[in-house]
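The values are calculated or read from the model by the stated rules, or taken from the named source; none is laboratory data. As the structure is a computational prediction, the values presented were derived from the model and not from experiment. A quick note on method: Cβ atoms are made from the backbone with ideal geometry, for glycine too, and the neighbour counts reach across all protein chains shown. Accessible surface areas use protein heavy atoms only, side chains included; no ligands, DNA or RNA. Shrake-Rupley method; radii C 1.70, N 1.55, O 1.52, S 1.80 Å.
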Amino acid sequence: MHDLENLSKDIERMKSRYLKYLREKEKARKRRQDVLLTPKDREILIESFVIASLIENFISKTISKLI
């Protein structure tokens, strides 16, 4: 009977460790997913930089003409 109780406790500890392991792996997966850009995200980011650069050039030229 005592062995059965020990076995039950061991199973519960293993279950707890396994759930902790799964949570850690899920957190790591989410961090990796947050860092990686999809091709569509990359395209949008590049387009945003290009548009921002064009706007900056337009503003600079306009200001230089006014001065």
Item to complete: Report ³J(HN,Hα) in whole Hz for each residue of the stretch 42-55, in order, from the Karplus equation J = 6.51 cos²θ - 1.76 cosθ + 1.60 where θ = phi - 60°; Gly and Pro get x.
Response: 4, 4, 5, 4, 5, 4, 4, 5, 4, 5, 4, 5, 4, 5
Item to complete: Work out, step by step, the length gained on full extension between Ile59 and Met14: first 0.36 nm times the residue separation, then minus their alpha carbon distance; give nm to one decimal.
Response: 9.9 nm
Worksheet entry | Whole-percent pair-distance distribution, where bins are 10 Å wide, for the alpha carbons of the chain | 17, 17, 16, 15, 12, 9, 7, 5, 2, 0
Worksheet entry | Computed label-point distance, nm, for sites Gln33 and Ile67 using a 7 Å Cα→Cβ extension | 4.9
Response to the item:
In order over the stretch 7-14: 3J(HN,Hα) from phi, Karplus 6.51/-1.76/1.60, θ = phi - 60°, whole Hz, x for each Gly or Pro, gives 4, 5, 5, 4, 5, 5, 5, 4
Worksheet item: Where the accessible area of the chain is counted over protein heavy atoms with a 1.4 Å probe, how much of it, in %, is carbon and sulfur?
Response: 63
Worksheet, complete the sentence: Ordering Lys30, Lys61 by the accessible surface of their heavy atoms, 1.4 Å probe, largest first, yields Lys61, Lys30
Practice prompt. Provide the per residue accessible area, probe 1.4 Å, for the stretch 1-53, rounded to a whole number of square angstrom.
Written response: 101
Item to complete: Name the lysines eligible as straight-distance cross-link partners of Lys40: C-alpha to C-alpha under 30 Å, and not fewer than 8 places from it in the same chain.
Response: Lys25, Lys27, Lys30
Item to complete: Pop out the ³J(HN,Hα) list for the stretch 16-29 in order, Karplus 6.51 cos²θ - 1.76 cosθ + 1.60 with θ = phi - 60°, rounded to Hz; leave Gly and Pro as x.
Response: 4, 4, 5, 5, 5, 4, 4, 4, 5, 5, 5, 4, 5, 5
